[in-house]
Structures are given as structure tokens and as C-alpha cells.
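Written out below as C-alpha cells is the structure these notes cover.
Here, each number is a calculation from the coordinates, and none is a lab measurement. All values derive from a computational prediction rather than experimental measurement. Heads up, the Cβs are rebuilt from the backbone with ideal geometry, glycines too, and the neighbour counts pull from every protein chain shown.
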Ligand code: CO
Ligand code: CO
């Protein structure tokens, strides 16, 4: 069963799904250009414009490619196809379609059309990765780890965070990444207390911790890894924090297995950090799914009701952030296997002193 058939099997009979979310469109069809995807019994269509017709034909030979024309926009064209196939129920992505687009959609579609939310049906399919997806993510993780080895030999006191970021990004591209998975984070010294620090002109000094959170994109799929390294001998306090985060990361990661509650994984790391007296300093959830998007389902958070299953890809990324002092985060991307898990990032998590 291909992905489109899997989606249709989950939907009520004689119902269409109209996809606006580029990640869902890519997942179902391989198409990366602008436009919409229409999927229904008897319909597999990319609805686009002149600029993308040829690319769409190449990227998704199993789909019909329809180009908009004067007076017939994307949604009207979808409406024509649905009418031709006698389908009058349309599921749409209510987290993506704006209020204005919804009003336009109601006007452009045939009068008897009814609309209902798709309720993240495609996102749910995306949580379980197949062989091909796993291969792309593993490749992205390999590039990320190779770039880490390179950067460890490159960082010196006197460099700015921005220099480190540019070098990491360049290295990943050189190693074959199509792009960054997201904007690379480099946080040095006291900036380490900002979980999502933007790399700036701060000059790295001896005794600093430098946290690098970054990833590569390969064949449309992301990797996500964080390592914190020391530039010169760190203080006792920083070492202590590092060891707590490492312990929390390893305990939570080694608990990963199919059938486990995502919320319990979060609790393992959170309890260790709280017991060490830093409970207030770990203000984000433990991890998230990774795939076409850098943040996907399932979430390893205290509020999650998700259960881990084989083929899930999740990050395990506890951290401790102390304003004025700095911080530590250690993150691996892992795949859930039939009997446990496998870490896809091979870079050592032991404290590196550069
Ligand atoms: Co990350
Ligand atoms: Co992450």
C-alpha cells in the first residue's frame, strides 16, 4: 500500500483530502513545489501553476498534474475534479488553512460540498518511518556527527559564536547536506542559559562551555543533535551540571522502547535533574519526533499521551540552564526498534575539553 492508499484507508468512504501543508504534500507525493495535493478514491492530483508543472511531473509520476488557468484557481480546480468524481465531502487541514482561505474555499467549491478537519491524519502516518526514511535520517545524522568531529578541532578561544555557526553550516553542506535542518544554535559561556540562543558576536573564552544544537537535511529529512563542549578546563560547577545532564540523557535514552509512555521518558530525565537540585533549570520537554519537519509527533513531554512504537524517531535532549552562568544540553536522535532503540548519532557524549 502506498502512502496515499494508507491515508484513504483511514478516511470515511468517498471522502477527499485536500493538502496545503508542504511537509504533508512531500510525504504523500514527493512534490516540493508550490500548490495543493488532492487525494480521493480515483484522484491523485497535484494542483499547481505553470512554473512547477514539469518539476511535478518528474517528482511524482504517479500523480496527475493539473495547472491553474485564468479564472480557475487551485481550489476551484480541485472542486472541478471532485465534482467529476461525485465526491462531496472534503477534509482539510484546519491548522493550516487560514480563516480567509476557508471563506474563499467555501465560495470556490461546488455548492453541495461539506467540509471537515482532516485531524492530523497525515501527521499520524508520518510518525512511523519506513526503511527509506530511516536511511535518509541516518545519513543526516552521520553528516551531523562528522561536522561535530570537524568543529571540535576548529574551535579556539577568540572565535565568535557566529564563526563557529558558519563553519558548522558550511561543513554540513560540504559533506552533502541539502540544507540545515533548522537554524544552527551556538551558545557560549553565559549565553548557554538560553535554550534557543541565536549565535552572535560573543567571543569564546577559555573555560567556556559551548553548546551546539544543529542538524542536516538529507533527501527532505532532518537530523537533530546537541553537544556541549568545554574550551579549556571548565569550572567544577559546570562539570557538575554536565554530569547531571549526561546522566539524565543516558537514563532516559536507554529506557526508550516500543510500548512505553512518552510522558514516562520525560519523567525519568526530569526526576534525575530535580533530584540533583536543578529542577527549575530544565524548563522544556525532553524531546520530540523528527522527520520531514524538525519538530513532529510524538512528543516526549509530561503532557503527552503518546506511546512509543517501532519506527518512531525521537530526540532525547535534557538540559540545565542557569542564568548568568551558562548551560548544558545533550541531544541524540534515536529510532525506536522492535525491541528497544538505536541512537542514530554516533558522536561521543563524554565531556570534550578542547
Ligand atoms: Co536540537
Ligand atoms: Co531537538
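For region 149-178, the residues whose backbone nitrogen is under 14 Å from a point 7 Å from the Cα of residue 219, taken along Cα to Cβ, are 177-178. Take the alpha-carbon centre of region 156-196, take the same for region 59-84, and report the distance between them in whole Å. The two parts, judged by their Cα centres, are 42 Å apart. Based on DSSP H segments of at least four residues, each scored -39500 (n - 2.57), the chain has a per-residue ellipticity at 222 nm of -10500 deg cm²/dmol.
Ordering 224, 264, 130, 208 by the number of other Cβ atoms within 10 Å of each residue's own Cβ, fewest first, gives 130, 264, 208, 224. Here 167, 98 are placed in order of increasing Cβ neighbour count within 10 Å, fewest first, which gives 98, 167. Model label sites at residue 134 and residue 88, defined 7 Å from Cα along the beta-carbon direction, differ in position by 4.6 nm. Residues 242, 214, arranged from fewest to most other Cβ atoms within 10 angstrom of their Cβ, appear as 242, 214. Label sites at residue 342 and residue 51, each approximated as a point 7 angstrom past Cα along Cα to Cβ, lie 4.0 nm apart.
Largest mean-square fluctuation among 107, 206, 217, in a Gaussian network model of the chain whose springs join Cα atoms under 10 Å apart, belongs to 107. Shape class of region 3-126 from the Cα gyration tensor (axes a ≥ b ≥ c, square roots of the eigenvalues): rounded, since a/c falls below 1.5. Normalised by 2.2 N^0.38 Å, with N the number of residues, the alpha-carbon radius of gyration of region 131-343 equals 0.98. In the elastic network of the chain, a GNM with C-alpha springs shorter than 10 Å, the most mobile of 284, 85, 74 is 85. Measuring nothing but alpha carbons in region 196-260 and taking Rh as the Kirkwood radius, the Rg to Rh ratio lands at 1.07.
A simple spin-label model places pseudo-atoms 7 Å from Cα toward Cβ; at residue 201 and residue 237 they are separated by 2.7 nm. Between helix 236-255 and the chain there is an angle of about 40 degrees, using the helix long axis and the longest principal axis of the Cα atoms. Between the helical axis of 74-84 and the dominant principal axis of the chain, each derived from Cα atoms, what acute angle in degrees is found, rounded to the nearest 10? Tilt relative to the chain: about 50 degrees. Between 141, 60, 222, find the one with the highest GNM mean-square fluctuation for the chain; connect C-alpha pairs within less than 10 Å. Residue with maximal mean-square fluctuation among 141, 60, 222: 60.
Computed from the C-beta positions of residue 14 and residue 103 and an R0 of 30 Å, the FRET efficiency is 0.75 to the nearest 0.05. Here the gap between residue 34 and residue 166, fully extended at 0.36 nm per residue and compared with their Cα-Cα distance, gives a gain of 44.6 nm. Between 0 and 90 degrees, the angle of helix 262-275 with respect to the longest Cα principal axis of the chain falls at about 20 degrees.
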